[in-house]
Structures are given as C-alpha cells and as structure tokens.
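The values are calculated or read from the model by the stated rules, or taken from the named source; none is laboratory data. As the structure is a computational prediction, the values presented were derived from the model and not from experiment. Quick note on the areas: whole protein, heavy atoms, side chains included, nothing else; ligands and nucleic acids left out. Shrake-Rupley method; radii C 1.70, N 1.55, O 1.52, S 1.80 Å.
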Amino acid sequence: KKTRSLQFGFKKWKSHVTARPWEDRSEIVKELYSDLNVIRGSGGSTLTCGNVLYLLLFGWWLSLLYILVAAIMFVTVIGAPYGQLCWDLAGYFLWPFGKAIQKVEVPKSHRACEVSVGESSALLGGATPRRWHPRCWVASGYWHCASTTAWLCLGYPVLVLAHGLVCVTAWLLIVLIPVAKLSARATSRVLLLPPERVLIRRLRMSEVPLEGEVILCCYRAANPYYYKYAVDGINVFAVNLLPLVLVTLVLGYVDSHNHLTGSAIKFTLALLSIMPLSYYIGMAIASISAQSNFAVGAVVNATFGSITELTFYITALIKGSREGNRCYAEVVKSALTGTLVGCVLFVPGLCMVIGGIRHQEQRFNSRSAGVSSALLFLSVGGVFAPTLFSKVYGKLVCGECHNVTQNPLGHYLCHNCHFDLMDHNGTLYYSHVQPLVYTVSILLPAAYLIGLFFTLKTHTHIYDIHISDCHMPGHHHSAVVHWSRWRALVILLLSTLCMSACADLATEHISPILTNSTISQYFIGVTVLAMVPELPEIVNGIQFALQNNLSLSIEIGNCIAVQVCMLQIPILVLFTIFYPTNFTLVFSDLHVYASMFSVVLMNYIFMDGKCDYFQGTVLVMVYFILLAVYFFAPSPSGC
C-alpha cells in the first residue's frame with residue numbers, strides 16, 4: 001500500500017492528527033485506554049517493580065489514612081457503616097493488585113436489615129464482615145441519611161484530597177497513569193456508593209465471572225508504554241507541560257522585579273514552555289492542513305509553520321535594538337545556524353541510530369530526499385551569498401594587533417578581526433550588499449513556493465512510500481481528525497499568543513546569562529535556543545524511525561532546515577525594513593563553514609537511499625564535534 005510522505009516544508013502528518021480505528025490498534029495500545037474494570041483469566045504475578053513502587057509511594061499512607069477515617073466514622077456511631085467500608089478499603093489500597101471491587105445489588109427485602117452475612121470476601125479470606133445498615137436508608141433515601149451526611153462532611157472530603165494528590169502525582173509520572181485512573185475511579189464511583197453495595201474480592205487464577213458490576217480491577221501500577229497515551233489527540237507529555245506555561249506567564253509578569261526567582265530560572269521556564277506550545281501549534285497546523293485543500297494548507301504552513309522560532313527571533317532583535325546591543329543579533333544568527341545544522345545532522349542522525357537498533361537496515365525515498373537536498377543547497381547558497389560577497393569586497397578591520405617580531409616590517413598578531421562594510425559612509429553595504437540581501441530574500445521564498453507546487457501538485461508521486469499491509473492496518477478506513485478546523489484555529493491563535501509572551505520573557509531574562517556566562521554566546525545560540533523549540537519534531541522523527549518509516553524522519557529535519565533558509569531568514573530581513581535592528585545577513589566564517597559542511601555531508605549520506613545505525617552515528621558525532629568548536633570559540637566581537 002501507499003502512504004504519503006512529508007513533503008518538504010509542509011507539515012501534513014495525518015497520522016498524528018487523525019483518530020486510528022480502535023480495531024486496528026495493537027493490544028498494548030488498547031490496554032492503555034481501557035478502564036480498570038476488566039477481569040483477566042490469568043493476570044500473572046502481581047509482585048512487580050511497579051506495584052512495589054506504588055506501595056512505597058502511595059499504598060502505605062493511603063491505607064493509614066483510610067484507617068484514620070474509619071476510626072473517625074466509628075466514633076460518630078451513625079457513620080459506622082462507612083467506617084466498616086473504610087476499614088475494608090484500607091486493606092485494598094495498601095495492595096490493590098489482583099483484587100476487584102464490585103457494585104452489588106441489594107434485594108429490597110434486605111435493604112432495611114442491619115446485618116448482612118454470607119457474602120464472600122477474599123480480602124479477609126471468608127465471609128464478609130457484618131456491616132451496619134442504617135434504617136433511614138429505606139425511610140428517607142440514601143442522600144438524606146444521617147450516616148451519609150456524616151460521611152460527606154467528615155470522611156469523604158479528606159479522602160478526595162488524598163486521592164487527588166495521588167492522581168496528580170501519578171499522572172505527572174506518566175508510567176503510573178494506571179494509579180491515577182485507580183484513584184479517580186475510586187473517588188468518583190466507589191466512595192459515593194452505599195456501603196452495603198460495595199464488595200471487595202480477591203481474584204484467583206481460575207476466577208469465574210463475577211455477579212454484579214465490576215468497578216475496579218487493577219493488576220499493574222506501572223506501564224512503560226504510556227508515553228504513547230494521548231488525550232483527545234494530544235500526547236500526554238504535552239498535556240503535562242501545559243501547566244508549566246501558566247506558571248511561567250504568571251511568575252514572569254507578576255514577579256517582574258525578580259523578588260521570588262532570578263532571571264536564570266525565568267529564562268529556563270520560558271524556554272521549556274516553548275516546547276508544549278510548539279507542539280500545539282504543529283498539531284493545529286497539521287489539523288487545518290489535513291482538512292483543507294492545497295492552497296489553504298500551503299498558506300497556513302507558510303504563515304504559522306515557523307511562528308515558534310520567528311516569535312523568539314523578532315522579540316530578541318527588538319530588545320537588542322532598544323538597548324543598542326549587537327549581541328542579540330549575533331545570538332539570533334547563532335540560533336538560525338544551530339537550527340540548520342541540528343536539523344541536517346542531529347535529527348536524521350539520531351533517528352537513524354534509534355531506528356537502526358530495531359531495524360538492521362532502513363531504506364528511504366532517495367528521490368524525495370534528493371529534492372530536499374537540492375533545495376537545501378539552493379537555500380544555503382542564497383543565505384550565505386551576502387556573506388561571501390562581503391568577504392571578497394569588504395575591508396578587514398582588527399580590534400587589536402601586536403608585533404610578534406618587534407620589527408616594524410615583521411609579523412603582526414591581530415584579534416577581533418572582521419570585515420567592515422561601513423567604510424566610506426557605508427557605500428559598500430548600502431550600494432552593493434543590501435540590494436543583494438533584498439534580492440536573495442525575494443528569490444528564496446519564490447523558490448519555496450515553486451517547491452511546494454512541485455511536490456504537492458505536479459510531482460506528488462515522488463513522495464509515495466510503499467509500505468506493507470502489516471505496517472498500514474486499517475488502510476480501508478476513512479480518517480477522522482481529532483480537532484475541527486475552528487477548534488484547531490482557536491488553539492493555533494491562543495498558542496501563538498502564549499508563545500509571544502514566553503518569547504518576550506525569554507529575551508527579557510537572557511541578558512544576564514549572556515553577560516555573566518563564561519560560555520560562548522555562539523554555543524548558547526546553536527544549542528539551547530536552536531534545538532529546544534524543535535524537541536517535539538525530534539520526538540516525531542524518532543517515532544517514525546521506530547516504525548521503519550525513515551523517509552518521514554529525514555524529511556522532518558529537511559523541512560525545518562528549508563523553512564529556516566527560505567522563510568525565516570527572509571521574514572527577518574523584511575522585518576528589519578520596517579523596524580531597523582542590528583540584524584544583517586552577514587554571518588561569521590564559523591557559521592558558513594559549519595552549515596555548508598553539514599549540507600554536503602548529509603547529501604553524501606543520503607545518496608544510496610539506505611542507511612544503518614553506523615551512518616547515523618557519523619552524523620551525530622560530526623554534530624557534537626561542531627558543538628565542541630562552538631563551545632571553545634570566543635564570543636562574537638562586541639558582546
């Protein structure tokens with residue numbers, strides 16, 4: 001069968017924004033979304049590392065709390081039935097694995113009885129303990145019963161708070177999400193039932209189907225596959241990181257004078273908040289594109305596809321212009337280069353290594369990779385054309401020179417040298433370099449649009465990937481998109497606004513880091529500022545590589561690299577026309593050599609259309625070597 005690859009610069013990953021039919025999902029994934037009310041024929045041993053971890057983190061103090069609440073309810077006398085229930089649940093929550101909680105039906109003739117015997121309870125190994133059933137149950141109904149009032153006032157709120165703490169903690173740990181489901185179900189179902197309708201049983205290996213509704217039945221506290229879990233199409237990691245965005249915004253704008261935290265913490269929080277926001281923006285773009293025609297999808301991608309990076313870059317340039325600090329412009333150039341180098345070397349290299357661990361040899365669409373490589377050569381050549389022009393015609397100016405031989409005609413050692421484009425009142429720059437920059441900034445987006453038309457209209461067959469039926473189950477089903485167009489649009493706009501606020505906070509608090517840090521500003525730009533916003537894309541690439549779909553992994557990196565050169569940089573140049581900043585399209589020699597070498601190496605690796613983990617290791621190692629070069633490089637002149 002065929003599926004459509006990611007077409008360069010066009011993030012249209014329908015597999016991430018559409019709901020896969022339930023019958024086509026694996027048993028592992030089905031177990032993630034199942035309710036904890038299914039009894040297995042053979043659950044296996046319950047003594048596992050995850051269950052022991054539950055006992056150490058939650059089980060012991062939850063059990064003690066239930067015993068304490070049971071004592072309080074027994075003291076009230078009228079709440080004695082709930083005291084008995086809490087006593088039984090204390091043993092259950094100490095070790096809930098391999099046990100079941102049932103909702104049993106009470107015959108009308110026995111509802112007024114105060115005692116009930118004969119029911120099997122495996123928790124105590126024999127008959128169910130005698131429970132006190134208040135007579136007001138029949139007289140005035142369950143919710144008007146005195147014992148129920150005492151329970152809802154004294155016992156239930158305390159246990160809700162405890163289970164809420166367990167639920168939040170387990171959810172944030174992700175692998176313990178079954179514990180979160182256990183606590184939520186206990187709070188919403190078990191604790192609101194009349195005591196005589198709750199029955200706890202220990203399940204045996206050959207358990208016959210239980211009579212009555214099973215409310216809770218848990219065998220494992222931990223499941224390592226919960227990293228695949230999604231809520232309404234949103235990955236659980238993105239859901240858990242969303243509160244971080246709120247904390248960052250509140251802390252950043254309320255504590256503007258750094259009374260509570262310093263600039264380093266606020267900068268780190270703002271940078272981390274960019275990750276979930278970039279994920280939501282990517283999901284919204286993909287959802288709109290999946291439900292739109294070519295023109296709308298292309299416009300949305302071109303408009304919002306690079307909004308994450310552009311928001312940060314523009315706010316940094318504005319701050320640098322207001323302060324008259326050239327460092328911000330140099331940091332932006334470093335971040336642009338770092339994104340380009342990282343997406344050309346690190347992203348495909350890491351996907352090759354991780355995918356190569358599971359698959360001995362991986363093949364990919366060499367023709368589509370060749371199209372992206374050609375666009376990369378074109379874009380890199382266009383972006384660095386003004387830099388090469390300035391090297392040829394610019395005047396070399398050095399900040400400090402020393403005579404090594406003490407001879408006026410001898411050798412001189414110079415520091416902080418750069419090519420001055422403003423000689424003779426900037427004639428070279430304004431008459432030659434600047435028109436070249438504007439010309440390149442027009443040609444690159446035009447080439448981007450031509451490439452989109454080529455790959456999405458006239459030559460779509462190049463991007464068809466042949467995948468066996470075992471990799472494409474349910475190909476006959478129509479895809480159902482998680483988010484509607486309007487919902488995706490609202491999420492896109494809200495995420496963009498939050499992204500702008502986080503980018504403003506990041507640039508506001510980056511200044512102390514740049515001035516006080518002993519690390520080169522080059523290194524900060526090419527690592528932290530460049531790669532953190534791309535982490536969601538890296539995770540997507542790894543998932544595709546594990547599914548033996550390396551073409552998508554490679555195209556993810558190429559897509560970002562192409563957008564850096566053909567969209568982000570021209571937009572920054574256009575921005576400087578309306579808002580003058582210190583940003584010029586003239587890069588340092590280190591940026592030029594690193595970028596060109598990366599593109600040449602990537603093109604050489606991708607020539608034969610197949611790869612393994614060794615070739616991926618080469619790309620990753622070259623990337624780390626370049627990082628080492630940036631780490632030991634001196635900071636840009638003027639910073």
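Just to verify a number: what accessible area does residue 621 come out at with the full protein assembly present, 1.4 Å probe, Å² rounded to tens?
Roll a 1.4 Å probe over it and residue 621 shows about 110 Å².
Hey, could you get me the Stokes-Einstein D for region 43-95, Kirkwood radius over alpha-carbon pairs, 25 °C and 0.890 mPa s, rounded to whole µm² s⁻¹?
Details: Rh = 11.7 Å.
Estimated diffusion coefficient is 209 µm²/s.
Beyond 17 Å, what share of the Cα-Cα pairs of region 149-243 remains, rounded to the nearest whole percent? The partial results should precede the final answer.
Working: 2741 of 4465 pairs.
Roughly 61 percent, rounded to a whole number.
May I ask you to rank 322, 485 by accessible area, largest first, using a 1.4 Å probe over the protein chains only? Mind dumping the intermediate values first?
Values: 322 185, 485 125 Å².
Listed by decreasing accessible area, they come as 322, 485.
Is there a pair in 457/610; 30/103; 333/391; 181/266; 391/457 whose C-alpha atoms are over 29 Å apart, and which pairs would that be? Before the final figure, lay out each step's value.
Details: 457/610 27 Å; 30/103 25 Å; 333/391 17 Å; 181/266 33 Å; 391/457 40 Å.
Cα-Cα > 29 Å for 181/266; 391/457; rest within.
Taking just the alpha-carbon atoms of region 314-384, what radius of gyration and Dmax come out, in angstrom?
Using the Cα atoms of region 314-384, the pair Rg, Dmax is 17.6, 54 Å.
Going by amide H atoms built from the backbone, whose H comes under 5 Å of the H on residue 215, apart from near neighbours?
101, 102, 103
Rolling a 1.4 angstrom probe over the protein chains, ignoring ligands and nucleic acids, what is the accessible area of residue 227 in square angstrom, nearest 10?
In the full protein context, residue 227 sits at about 90 Å².
Using Cα centres only, tell me the gap between region 323-347 and region 32-81 in whole Å.
First find each Cα centre; the distance between them is then 52 Å.
Would you rank 534, 508 by solvent-accessible area, highest first, keeping every protein chain in place and using a 1.4 Å probe? If you can, show how the numbers build up before the last one.
Numbers: 534 5, 508 95 Å².
Most to least solvent-accessible, the answer reads 508, 534.
Work the Kirkwood hydrodynamic radius out for region 481-639: mean of 1/r over every pair of different alpha-carbon atoms, inverted, in Å.
Details: mean 1/r = 0.0535 Å⁻¹.
Taking the inverse mean of 1/r over all distinct Cα pairs, region 481-639 comes out at 18.7 Å.
Leaving ligands and nucleic acids out of the surface, order 597, 632 by accessible area at 1.4 Å, largest first.
Values: 597 105, 632 160 Å².
Sorted by accessible area, descending: 632, 597.
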